[in-house]
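S.K.: Before I ask anything, here is the structure I am working with.
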Amino acid sequence: MDLQFWRDRWENQEIAFHQETVDPHLQALWPQIAPPAGAAAFVPLCGKSLDLHWLAQRGHRVVGVEISALAAEALFREHGLQPEIATRGAFQEFRHGPIRLLCGDFFDLAPNDLADVRLVHDRAALIALPEATRRTYAAKMGELLPRGAVILLITYDYPPAEMAGPPYPVTPAEIERIYGNAFAIKLVEDQDGLAHRPRYREKGLTRLTERVHLLQRH
Ligand code: SAH
């Protein structure tokens, strides 16, 4: 899946993945996962997610990475904010207050970019990637994150023959395979996703398991 695919999705506003509310799992688990004061949160493949603003409102610096400049612009504009824009290596950095969005390819990040990150919010990021890329993504996450950092990881799982991704189905066995070396993995929720996501039933899914995992970097 190339980056142009995603730029085109934004160009054509095919962004059904975007949620008009703050992610409920992030809110529900917050008492358990809130990073220490002063620590930063990282939102990979962030789109224009409201979750960045929510995290900033909780008093944290937030770093997002997103390939689409349209998404980056919308993240600020739709909240009446005018970011400062600067070139930082391979990225265009959009910055306003505590929010810093690095517009570019996740795979170009360096550990320095995320040095004080203690929480990662992975909603529709890992599962947006095809299988071979997911392995590389998880390995990269292991390289980028400091010891102790926690990833809130939300996955979907469904019979693969019923829908072509993204989002792709990801099993607990795969999480173990790609993250198990560098992270302690805990499954914290296992829900029927179809109960509150009717559009996937319309797309032909007979089962959608939505899981929430907490991963901690060894
Ligand atoms: N997490 C967001 C967006 C999910 S869709 C949300 O919950 O709304 C996946 C997003 O990842 C898209 O916005 C796409 O443009 C972006 N993306 C895909 N591959 C990327 C990459 N390699 N680097 C940075 N962003 C990427």
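The values are calculated or read from the model by the stated rules, or taken from the named source; none is laboratory data. Please read these numbers as outputs of a predicted model, since none were measured by experiment. Here Cβ is always computed from backbone atoms with ideal geometry, including for glycine, and neighbour counts include all displayed protein chains.
S.K.: Scan (1) more than 24 Å from residue 49 (Cα to Cα); (2) free of Cβ contacts under 8 Å to residues at least 60 places away in the same chain for the single condition residue 164 breaks and write down its number.
M.R.: So the condition that residue 164 fails would be (1).
S.K.: Can you tell me which residue within segment 163-176, out of those that are in contact with a Leu (Cβ under 8 Å, 6 or more places away or on another chain) and farther than 20 Å from residue 105 by Cβ, is surrounded by the most Cβ atoms within 10 Å (Cβ to Cβ)?
M.R.: 170
S.K.: Next question. If you scan segment 203-217, which residues turn out to be of a type outside the set (Asp, Glu) and surrounded by 15 or more Cβ atoms within 10 Å (Cβ to Cβ)?
M.R.: Just the residues of segment 203-217 that are of a type outside the set (Asp, Glu), to begin with: 203-209, 211-217.
Selection gives 205, 208, 209, 211, 212, 213, 214, 215, 216, 217.
S.K.: Which of the residues spanning segment 183-198 are modelled with pLDDT under 95 and among the charged types (D, E, K, R)?
M.R.: Of everything in segment 183-198, just one residue is modelled with pLDDT under 95 and among the charged types (D, E, K, R), namely 197.
S.K.: Something else about it: Within segment 64-82, can one find any residue that is polar (S, T, N, Q) and over 18 Å from the mean Cα position of the chain (by Cα)?
M.R.: Checking segment 64-82: at least one residue is polar (S, T, N, Q) and over 18 Å from the mean Cα position of the chain (by Cα).
S.K.: Checking residue 95 against (1) away from the ligand (no atom under 14 Å from the Cβ); (2) touching an Asp or Glu at 6+ places or on another chain (Cβ under 6 Å); (3) within 18 Å of residue 153 (Cβ to Cβ), which test does it fail?
M.R.: Every listed condition holds for residue 95 apart from (3).
S.K.: So, in segment 136-162, exactly how many residues are exposed (fewer than 15 other Cβ atoms within 10 Å of the Cβ) and either away from the ligand (no atom under 12 Å from the Cβ) or not hydroxyl-bearing (Ser, Thr, Tyr) (or both)? Spell out how you get there, then give the answer.
M.R.: Our first condition is that a residue be exposed (fewer than 15 other Cβ atoms within 10 Å of the Cβ); within segment 136-162, this holds for 136, 139, 143, 146-148, 159-162.
Right, trim to either away from the ligand (no atom under 12 Å from the Cβ) or not hydroxyl-bearing (Ser, Thr, Tyr) (or both) and you get 139, 143, 146-148, 159-162.
Result for segment 136-162: 9.
S.K.: Need the failing condition index for residue 120 against (1) in a strand (DSSP E or B); (2) within 16 Å of residue 43 (Cα to Cα); (3) of a type outside the set (Phe, Trp, Tyr); (4) away from the ligand (no atom under 14 Å from the Cβ), just the number.
M.R.: The failed condition is (4).
S.K.: Output the residue which, of all residues in segment 1-21 that are part of a helix (DSSP H, G or I) and free of Cβ contacts under 8 Å to residues at least 60 places away in the same chain, is nearest to the ligand (Cβ to nearest atom). Reasoning before the result, please.
M.R.: The initial filter retains those residues of segment 1-21 that are part of a helix (DSSP H, G or I), namely 3-11.
Okay, now just the ones that are also free of Cβ contacts under 8 Å to residues at least 60 places away in the same chain, so 4-5, 8-9, 11.
On the way: 4: 10, 5: 8, 8: 10, 9: 7, 11: 10 Å.
The residue in question is 9.
S.K.: Same structure, new question: Mind listing whichever residues of segment 30-47 are closer than 19 Å to residue 64 by Cβ and either away from the ligand (no atom under 12 Å from the Cβ) or of a type in the set (D, E, K, R) (or both)? Don't jump to the end; show me each part of the working.
M.R.: Step one: of segment 30-47, the residues closer than 19 Å to residue 64 by Cβ are 30, 33-35, 38-47.
Answer for segment 30-47, where residues must be closer than 19 Å to residue 64 by Cβ and either away from the ligand (no atom under 12 Å from the Cβ) or of a type in the set (D, E, K, R) (or both): 30, 33, 34, 35, 38, 39, 40, 41.
S.K.: Going through segment 48-65 one residue at a time, which ones are within 15 Å of the ligand (Cβ to nearest atom), touching a strand residue (DSSP E or B) at 6+ places or on another chain (Cβ under 7 Å) and of a type in the set (Lys, Arg)?
M.R.: none
S.K.: Tally up the residues in segment 73-109 that are of a type in the set (Gly, Ala, Ser) and assigned to a strand (DSSP E or B), please.
M.R.: Here the count works out to 1.
S.K.: Assess whether residue 68 counts as being out of contact with any helix residue (DSSP H, G or I) (no Cβ under 7 Å at 6 or more places or on another chain), within 10 Å of the ligand (Cβ to nearest atom) and either closer than 19 Å to residue 104 by Cα or modelled with pLDDT of 95 or more (or both).
M.R.: no
S.K.: From the list 205, 194, pick out the single residue that is closer than 14 Å to residue 157 by Cα and part of a helix (DSSP H, G or I).
M.R.: 194 is the lone residue from the list that is closer than 14 Å to residue 157 by Cα and part of a helix (DSSP H, G or I).
S.K.: I've got another one for you. Condition first: within 25 Å of residue 22 (Cβ to Cβ) and either in contact with a helix residue (DSSP H, G or I) (Cβ under 7 Å, 6 or more places away or on another chain) or within 14 Å of the ligand (Cβ to nearest atom) (or both). Now tell me which residues in segment 105-117 satisfy that.
M.R.: 106, 109, 113, 114
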